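Single-structure report; data block below.
The values are calculated or read from the model by the stated rules, or taken from the named source; none is laboratory data. All figures in this text were calculated on a predicted structure; none of them were measured in a lab. As a convention, Cβ positions derive from the backbone with ideal geometry for all residues, glycine included, and neighbour counts pool all protein chains shown. Note: accessible area is taken over every heavy atom of the protein model, side chains too, but ligands, DNA and RNA are not part of it. Shrake-Rupley method; radii C 1.70, N 1.55, O 1.52, S 1.80 Å.
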Amino acid sequence: MGKLFLVPTPIGNLEDITFRAIRVLKEADLILAEDTRNSGKLLKHFEIQTQMHSHHMHNEHKTVEGIVSRIQSGETIALISDAGTPAISDPGFLLTRACVEAGVEVDCLPGATAFVPALVNSGLPNDKFVFEGFLPVKKGRQTRLKILAEETRTMIFYESPHKLIKTLGHFTEYFGEDRRVSVSREITKLHEETIRGTVTEVLTHYTNKPPKGEIVVIVEGKS
């Protein structure tokens, strides 16, 4: 029987990939990539010639069974997402669960993920925290925010730039204007920045200076 490797890839700076990750990607029989065009640039940079297949949220339900069968027949398959660690707000959970249920060995390599540096860099308590990922877009959003308004641990959210102002506005409404937040943008990239302050202060900043790029929002828990 083969093995499934979950391989983190850089979230920006290409130097943030491990020697082991490069070796695994070179030695694998197949690489499953969220976007083969995007991942093709990474593989070309590191001279990785392993064959790629597309594996994303729109087709993973249909392809999981066949992938598990290939691993059971002896193939080693590596799964990567566009950036960061697979299955963290990215495809990967369904395949991992199917492999575990089928008795297939799964090995997740350590590596890049956006929320850890954002959390550590926030200056907010990080001894206990909860990762929320993306909030519901419409249905369930209000209900989730009402629940999180009572959360005492530091909270971590992913958000898109065009929805950040709206989300910060909701935080003002449900968490209070003086709740401390930290917004990290473009982590490891050329224009990386972190803006810290109360929800109102950070909302004012991004209202005057619309954000761009990948965003992680760290929110202080209820005291």
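Around the amide H of Met52, modelled in the peptide plane, lie the amide H atoms of Ile31, all under 5 Å away and 5 or more residues distant in sequence or on another chain.
Given R₀ = 22 Å, what would the calculated FRET efficiency be for Thr18 paired with Asn38, taking r from the Cβ atoms and rounding to 0.05?
With a Förster radius of 22 Å, E is 0.70.
Karplus-derived 3J(HN,Hα) values for the range 151-163, using 6.51 cos²θ - 1.76 cosθ + 1.60 with θ = phi - 60°, are 5, 8, 7, 4, 10, 10, 10, 9, 8, 7, x, 7, 10 Hz; glycine and proline are entered as x. Calculate, for His53 and Glu192, the FRET efficiency according to 1/(1 + (r/R0)^6) with r their C-beta to C-beta distance and R0 30 Å; round to the nearest 0.05. The computed FRET efficiency comes out at 0.40.
Each DSSP beta bridge with both residues in the chain is either parallel or antiparallel, and the antiparallel ones are about 45%. With both labels modelled 7 Å from their Cα along Cα-to-Cβ, the Ser73 to Asn208 distance reads 6.2 nm.
With the cut-off at under 14 Å, measuring from each backbone N in the range 1-22 to a point 7 Å along the Cα-to-Cβ line of Phe46 picks out 5-22. Looking at the range 1-52, the GluC sites (Glu not before Pro) that sit in a DSSP loop and have at most 13 other Cβ atoms within 10 Å of their own Cβ are Glu15, Glu47. For the chain, the longest principal axis of the Cα atoms and the long axis of helix 60-72 meet at an angle of about 40 degrees. Accessible area per residue for the chain is 53 Å², calculated with a 1.4 Å probe on protein heavy atoms, without ligands, DNA or RNA.
In the elastic network of the chain, a GNM with C-alpha springs shorter than 10 Å, the most mobile of Ile156, Ile11, Ile22 is Ile22. Between helix 164-175 and the chain there is an angle of about 60 degrees, using the helix long axis and the longest principal axis of the Cα atoms.
In this calculation the C-beta distance from Lys128 to Glu201 is compared with R0 = 22 Å, giving a FRET efficiency of 0.35. Working from Cα positions, state the angle (0 to 90°, nearest 10) between the long axis of helix 36-45 and the longest principal axis of the chain. So the helix axis and the longest Cα principal axis differ by about 80 degrees.
The trypsin sites (Lys or Arg not before Pro) of the range 163-199 meeting both criteria, a DSSP state outside H, G, I, E and B (loop) and at most 15 other C-beta atoms within 10 angstrom of the site's C-beta, are Lys189.
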